[in-house]
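Novice: Provided herewith is a single structure, encoded as structure tokens, for subsequent inquiry.
The values are calculated or read from the model by the stated rules, or taken from the named source; none is laboratory data. Not measured: the values here are computed from a predicted model. Cβ: placed from backbone, ideal geometry, glycine included. Neighbour counts: every protein chain shown.
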Amino acid sequence: MSENAGQNRLLSLDVFRGMTIAGMVLVNNPGTWSQIYSPLAHAEWHGATPTDFVFPFFLFIVGIAITLALGKRVEEAGINKDIYLKIFRRALIIFALGLFLATFPFYNFTRNEWLDVSTVRIMGVLQRIAICYLIASLIFVRTNWKQQAIIAVALLLVYWALMTLINVPSCEITTFNDKTCNLAAYIDRQILTENHIWKSSKVFDPEGILSTLPAIATTLAGVLCGHWLRRGKNDTEKVAAMFFFGVMLTAIGWIWNFWFPINKSLWTSSYVVYTAGLALCFLGFCYWLIDIKGYRRWAKPFVIFGVNALALFVFSGLMARLLGLIKVTSAEGKEISLQKWIFDSVFLPLASPINASLMFAVSFILLWLCLMWLLYRKRIFIKV
């Protein structure tokens with residue numbers, strides 16, 4: 001989702017994007033899911049770990065990219081059909097990539113049968129990114145920053161009201177403490193059905209339908225930040241404002257948590273405000289350190305990840321899927337996945353299970369740093 005692969009890039013945004021996507025790949029690829037350090041796992045329900053910041057940070061960055069890329073186009077060419085075609089084309093491709101990852105490799109070689117499309121999960125990470133990008137982009141080209149702020153706030157308040165006031169059929173009480181008896185989960189089960197919902201839950205989808213509304217607000221928060229970055233203010237004022245509003249939003253989100261708990265799976269309104277504040281603070285720090293102070297050498301790996309973030313997510317996801325699908329024979333004569341064989345044979349003898357699991361994840365991301373560096377060296381930036 002890079003706004004430009006050419007010159008005049010905002011380096012701190014590339015670094016922020018690179019750190020975010022690297023974190024996403026890292027937490028998605030442990031050596032074994034049974035041995036994970038708690039900061040590298042999602043909160044079980046309410047609350048948030050560092051892992052729960054990764055996805056909203058990425059949507060926040062998508063919002064900034066919308067302003068930086070489309071803002072210049074609108075100013076130069078005005079609002080025309082080419083702008084709309086570009087928006088819809090990009091959203092469609094990203095959504096299709098999400099479905100591709102969900103269905104790959106289309107054929108089960110163990111059972112010798114084709115994929116059953118009636119059980120494919122429809123929503124997912126890339127699908128949510130596509131929807132949020134589409135709606136936030138359309139809002140951006142048709143409204144000013146004040147209207148965008150109003151829409152974002154309205155989405156959060158409406159979602160809060162819907163989740164609080166509407167009772168779920170067959171449930172004695174609607175509560176945020178229950179994974180089943182909340183409106184977002186109920187809508188997912190009714191529309192997506194159990195066949196097309198997140199298989200690990202079967203009662204709700206963390207990238208579900210209703211919870212996409214506040215996710216759009218997360219993206220609009222990034223759009224608003226992008227407006228501030230494009231203004232003619234000096235760098236010190238930009239950083240000061242990012243820290244000020246970042247701290248303020250983080251505090252508001254934390255206070256809101258007492259009435260509407262911070263929850264990544266439900267993408268609650270308090271979670272949106274809280275993570276948007278943290279994203280502002282984190283970007284402000286990167287902007288101050290990299291673009292103002294000029295400390296850039298340490299950030300090169302994250303620049304490499306950041307300029308090809310979508311490619312990294314898709315290709316690393318395909319590799320992880322293949323490592324799980326390819327079967328080999330273990331020393332005990334059992335058939336296991338290639339991923340488990342690598343973990344058991346290479347990493348497990350070196351450390352305790354939890355540290356070996358972390359070593360596998362770190363090695364996986366370092367491998368992809370090498371592969372992405374080859375693209376970066378050739379100045380190849382894969383965009384949609």
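Novice: Do you know which of the residues in region 177-201 that are touching a helix residue (DSSP H, G or I) at 6+ places or on another chain (Cβ under 7 Å) and in a loop (DSSP other than H, G, I, E, B) is surrounded by the fewest Cβ atoms within 10 Å (Cβ to Cβ)?
Specialist: K179
Novice: Is one or more of the residues making up region 329-337 under 24 Å from L312 (Cβ atoms) and in contact with a strand residue (DSSP E or B) (Cβ under 9 Å, 6 or more places away or on another chain)?
Specialist: Yes, some residue in region 329-337 is under 24 Å from L312 (Cβ atoms) and in contact with a strand residue (DSSP E or B) (Cβ under 9 Å, 6 or more places away or on another chain).
Novice: Separate question: Quick one: would you say T20 is closer than 20 Å to A320 by Cβ, buried (at least 20 other Cβ atoms within 10 Å of the Cβ) and not assigned by TED's automatic domain parsing to the domain that holds T218?
Specialist: yes
Novice: Determine, yes or no, whether I354 is at pLDDT below 95 and not assigned by TED's automatic domain parsing to the domain that holds V125.
Specialist: Against the criterion (at pLDDT below 95 and not assigned by TED's automatic domain parsing to the domain that holds V125), I354 does not qualify.
Novice: Shifting gears a bit: In the list A309, A356, which residue meets the criterion of being surrounded by 17 or more Cβ atoms within 10 Å (Cβ to Cβ) and more than 30 Å from A65 (Cβ to Cβ)?
Specialist: A356
Novice: May I ask you to verify whether A130 is closer than 23 Å to D205 by Cα, surrounded by 19 or more Cβ atoms within 10 Å (Cβ to Cβ) and without any contact (Cβ under 8 Å) to a residue 60 or more places away in the chain?
Specialist: So A130 fits the description; yes.
Novice: Just to verify a result, which residue in region 359-379, among those that are under 21 Å from the mean Cα position of the chain (by Cα) and touching a residue at least 24 places away in the same chain (Cβ under 8 Å), is surrounded by the fewest Cβ atoms within 10 Å (Cβ to Cβ)?
Specialist: V362
Novice: Given the condition more than 17 Å from F305 (Cβ to Cβ), basic (K, R) and either in contact with a Gly (Cβ under 7 Å, 6 or more places away or on another chain) or modelled with pLDDT of 95 or more (or both), answer yes or no: does some residue in region 17-30 qualify? Walk me through how you get there before you give the answer.
Specialist: Of all residues in region 17-30, those more than 17 Å from F305 (Cβ to Cβ) come to 30.
Applying the additional criterion that residues be basic (K, R) yields none.
No - not one qualifying residue is present in region 17-30.
Novice: Another one. Please state which of the following conditions A276 fails to meet, knowing it meets all the rest: (1) modelled with pLDDT under 95; (2) farther than 17 Å from V125 by Cβ.
Specialist: (1)
Novice: If you don't mind, another one. Tally time: how many residues in region 218-228 are touching a Phe, Trp or Tyr at 6+ places or on another chain (Cβ under 8 Å) and not β-branched (V, I, T)?
Specialist: Result for region 218-228: 5.
Novice: Still on this structure: Taking the conditions exactly as written (part of a helix (DSSP H, G or I) and either at pLDDT 95 or above or of a type in the set (S, T, Y) (or both)), does A96 satisfy them or not? Give the derivation first.
Specialist: On the way: part of a helix (DSSP H, G or I): yes; either at pLDDT 95 or above or of a type in the set (S, T, Y) (or both): yes.
Spelling it out, A96 is indeed part of a helix (DSSP H, G or I) and either at pLDDT 95 or above or of a type in the set (S, T, Y) (or both).
Novice: Let me ask you something else. I'd like to check something: does region 298-309 contain any residue that is of a type in the set (K, R) and assigned to a loop (DSSP other than H, G, I, E, B)? Give the steps one after another, and end with the answer.
Specialist: Initial filter on region 298-309 (of a type in the set (K, R)): 300.
Restricting the remaining residues to those that are assigned to a loop (DSSP other than H, G, I, E, B) gives none.
No; the residues of region 298-309 include none that is of a type in the set (K, R) and assigned to a loop (DSSP other than H, G, I, E, B).
Each row is one residue, and each column tells you yes or no for (1) within 22 Å of A154 (Cβ to Cβ); (2) surrounded by fewer than 18 Cβ atoms within 10 Å (Cβ to Cβ); (3) among the β-branched types (V, I, T); (4) touching a residue at least 12 places away in the same chain (Cβ under 8 Å).
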{"residue": "L210", "(1), (2), (3), (4)": "yes, no, no, yes"}
{"residue": "A217", "(1), (2), (3), (4)": "yes, no, no, yes"}
{"residue": "A221", "(1), (2), (3), (4)": "yes, no, no, yes"}
{"residue": "M242", "(1), (2), (3), (4)": "no, no, no, yes"}
{"residue": "F245", "(1), (2), (3), (4)": "yes, no, no, yes"}
{"residue": "T250", "(1), (2), (3), (4)": "yes, no, yes, yes"}
{"residue": "G277", "(1), (2), (3), (4)": "yes, no, no, yes"}
